[in-house]
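Just below is one structure, and these are the notes that go with it.
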Amino acid sequence: MKKIITLFIALIFSTSIIAQVRIGDVVVPDKVNFDGEELVFNGGAMRKVLSFKTYAGTLYTKTKYTDDKKILDSDETMAIRLNIASKKVTNERMIKVFRKGFDDAMFGNTQSLDARIEDFLKLFNSPMKINDFYDLVYLKGKGIKTYKNGKELGFIEGRDFKYALFKIWLGNEPACEIIKGGMLGVSK
């Protein structure tokens with residue numbers, strides 16, 4: 001009986017450690033940790049183009065949010081994870097999407113961010129493959145630290161940069177309404 005109880009406790013403990021969330025064919029953790037701060041899964045969704053799954057977008061925050069404006073205005077550590085789900089998603093295409101996303105998010109008024117946008121885009125120069133994932137982590141009061149498959153690529157300073165970057169998915173005219181709704185946990 002003692003062995004059964006021990007096994008049961010071990011099973012419960014191991015299940016809670018590796019808790020995950022499925023978004024289409026992509027599996028993401030329900031918790032992540034960056035620079036010593038634990039973030040929880042706020043929501044996510046799969047981007048599809050002509051019924052082809054391209055990438056999953058996931059939002060991690062310290063507390064749950066359903067209000068896009070509160071996320072954009074927040075000065076707390078949070079992250080967006082992009083999981084590549086198609087070989088059609090290349091670094092060249094991703095750079096174009098980011099460039100257009102910044103322009104749309106800032107209504108063409110990116111002058112104050114242009115140098116930082118160019119530095120950010122350089123972080124995506126290496127080839128992308130299916131199952132690669134990128135973490136775009138806003139560190140409270142500092143800026144965006146970018147990771148590819150857990151390896152740090154670089155840092156871009158400024159809360160204003162975080163605002164513009166996160167607005168690509170969470171602004172009034174997001175790159176993908178489905179991902180916005182998923183990140184906010186208001187749609188599946």
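The values are calculated or read from the model by the stated rules, or taken from the named source; none is laboratory data. Bear in mind the structure is a predicted one, so any value in this text is a computation, not a measurement. Don't worry about glycine lacking a Cβ; one is built from the backbone with ideal geometry, like all the others, and counts go over all protein chains shown. Quick note on the areas: whole protein, heavy atoms, side chains included, nothing else; ligands and nucleic acids left out. Shrake-Rupley method; radii C 1.70, N 1.55, O 1.52, S 1.80 Å.
Please specify each residue of region 46-68 satisfying the condition of being free of Cβ contacts under 8 Å to residues at least 24 places away in the same chain and exposed (fewer than 12 other Cβ atoms within 10 Å of the Cβ).
Correct list: Leu50, Ser51, Thr63.
Listed residues Met78, Met94, Met46; which is at pLDDT 95 or above and of a type in the set (A, V, I, L, M, F, W, C)?
After ruling out the rest, the residue left standing is Met78.
For (1) of a type in the set (Val, Ile, Thr); (2) touching a helix residue (DSSP H, G or I) at 6+ places or on another chain (Cβ under 9 Å), each residue gets a yes or a no:
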site	(1), (2)
Lys70	no, no
Asp75	no, yes
Val97	yes, yes
Gly108	no, no
Arg116	no, yes
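Specify which of the listed residues (Val40, Val27, Val21) is under 16 Å from the mean Cα position of the chain (by Cα), in a strand (DSSP E or B) and modelled with pLDDT of 95 or more.
Val40
Among helices (runs of 4 or more DSSP H) lying entirely in region 69-188, which contain 3 or more residues that are more than 18 Å from Thr58 (Cβ to Cβ), open to solvent by 20 Å² or more (accessible area, probe 1.4 Å) and without any contact (Cβ under 8 Å) to a residue 24 or more places away in the chain?
The qualifying helices (runs of 4 or more DSSP H) are 91-105, 114-122.
Determine whether region 56-68 contains at least one residue that is aromatic (Phe, Trp, Tyr), within 26 Å of Ile117 (Cβ to Cβ) and either at pLDDT below 85 or not in a loop (DSSP other than H, G, I, E, B) (or both).
Yes - at least one qualifying residue is present in region 56-68.
Just to be sure, is Asn149 out of contact with any helix residue (DSSP H, G or I) (no Cβ under 7 Å at 6 or more places or on another chain) and polar (S, T, N, Q)?
Judged against the criteria, Asn149 is a match.
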